[in-house]
Each structure stands twice: as structure tokens, then as C-alpha cells.
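The values are calculated or read from the model by the stated rules, or taken from the named source; none is laboratory data. Just so it is clear, the model here is predicted, and its values are computed rather than measured. Don't worry about glycine lacking a Cβ; one is built from the backbone with ideal geometry, like all the others, and counts go over all protein chains shown. The accessibility values were calculated without ligands, DNA or RNA, using every heavy atom of the protein model including side chains. Shrake-Rupley method; radii C 1.70, N 1.55, O 1.52, S 1.80 Å.
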Amino acid sequence: MTTGAAGIHYVIDTRASQFTVQAFASGLIAAVAHSPKIAIRDWTGAIQVPPGTLEGASLQVGVKAGSLEVLDELRDDDRREIHRVMNKEVLETQQFPEVVYESTQVKAEKLRDDLYRVHVQGRLKLHGISNDQAFGAQAAFAADSIRAYGAFTLRQSDYDIRIASVAGGTLKLQDELKFSFYVVARKPE
């Protein structure tokens, strides 16, 4: 991430933030199947902002791929199996331990004094493959923080990720995943 002399640096407070992934079931028994919601637990991020606007800001986020945790109520053995498949067969976290996003362009439309509609373009490196990834968000400034929320989707096949399936293929997940976030970023003390 570039640091301009006139920019203001913010660090994402991951304890006050939420970052989740929603997977969707498909296959013969999808109507009664489980579509897991997954929390991203170990991640970091930073935002560099020109004074007074989000236009031209930059964003960098890093995720430990092995930190994803299923949030849904499940039996312990089902939870362990989902985590095993997710880490060993789908994300292959031993070979690809980190996911990195770096913005290349941030455009912002001021909605009122401290509220912006933001469009972020950047590069996402996931499972050893880098692709363009854009997302939209609403962001609000406070005295020493930025709060933002938004969502985006991605296709696992764009990152050469094997689509998880169980029960002999009668239940598998869809290619598309939905990511949602609520982020609190603060000026470092």
C-alpha cells in the first residue's frame, strides 16, 4: 500500500469488525441441505486516505486462509468434517496460507457530510491466483475512525478452487460465494 505524506492512515480493528462468507448448497438434496455461513477470524487491514475524502484512498487486506470457521449450529463431527474439507481439499491452506487484497482504485461519491458511497477496484490473490475484484460499500467518517459495510461475490472456479461436495456428489456447494463485511478502521494511537 502506498503511503502519501498528506494521507491519513487507518488500521482495521478486526475485533470490532465482521467479515463473513456465505456458501450456497446445490445438487439433488439442496432444498433440505445446509448452506454454511463462515466467519473469517484471522485477518488484518489498513486504509490510507487523502484528507477530507475517500476518493483516491487505498486499501490492503490480508487473511489467514486457515482461520475460516463455520458459524452455523452443527454437530461436532459435522463441523470437523466441514473444516477438514474446507482447509485440506478446497482452500488447500497448507499450500496457500494467505489471501491478499490490494486496491488499485477507489472512487467515492459523497452522499452527505460524513457518508460516502465507495467503489473499490483491486487485485485479489486467492489459492495462488490473482484476479481483478471490485466491490461497493457505504462508508462513514467519524473523528478518528471510518466505518464501512458492503458485500461482493466471487466464483471459486476463477481461482481454480475445487467445489466442495459430499454424499457422493448429491450435495455440493455452488461456485459463487457471497462475502459480507462491516469494518471499523481507526487511526493508530
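Brief remarks follow.
- Computed from the C-beta positions of residue 157 and residue 64, the FRET efficiency with R₀ = 35 Å rounds to 0.95.
- Counting only protein heavy atoms and a 1.4 Å probe, region 58-187 has 56 square angstrom of accessible area per residue.
- Computed over the chain, Cα set: Rg, Dmax in Å: 17.9, 57
- Phi to ³J(HN,Hα) by Karplus 6.51 cos²θ - 1.76 cosθ + 1.60 over region 144-156, Hz, x for Gly, Pro: 9, 8, 10, 10, 9, 9, x, 7, 7, 10, 8, 9, 4
- D_trans [Stokes-Einstein, Kirkwood Rh over alpha-carbon pairs] for region 32-142, 37 °C, 0.692 mPa s, µm² s⁻¹: 204 µm²/s
- Using all pairs of distinct alpha-carbon atoms, the Kirkwood hydrodynamic radius of region 32-90 works out to 14.1 angstrom.
- Charge dipole (Cα centre; +1 on Lys/Arg Cβ, -1 on Asp/Glu Cβ; no other charges) of region 25-118 amounts to roughly 160 debye.
- Across the options 91, 161, 151, the greatest Cα extent toward the positive end of the charge dipole of the chain (unit charges at beta carbon of Lys, Arg, Asp, Glu) belongs to 151.
- Overall, the accessible surface of the chain at a probe of 1.4 angstrom is composed of carbon and sulfur to the extent of 50 percent.
- The chain - mean residue ellipticity at 222 nm from DSSP helices (-39,500 (n - 2.57) per run, n ≥ 4, rounded to 500): -1500 deg cm²/dmol
- The length gained by stretching the chain between residue 88 and residue 105 to full extension, at 0.36 nm per residue less their Cα-Cα distance, is 2.7 nm.
- Projecting the Cα atoms of 59, 127, 39 onto the charge dipole of the chain, computed from C-beta unit charges around the Cα centre, puts 59 farthest toward the positive end.
- Cα Rg, Dmax (largest Cα-Cα span) when computed across region 86-189, Å: 17.0, 55
- Residue 80 versus residue 25: modelled label distance in nm, points set 7 Å from Cα along the beta carbon direction: 2.2 nm
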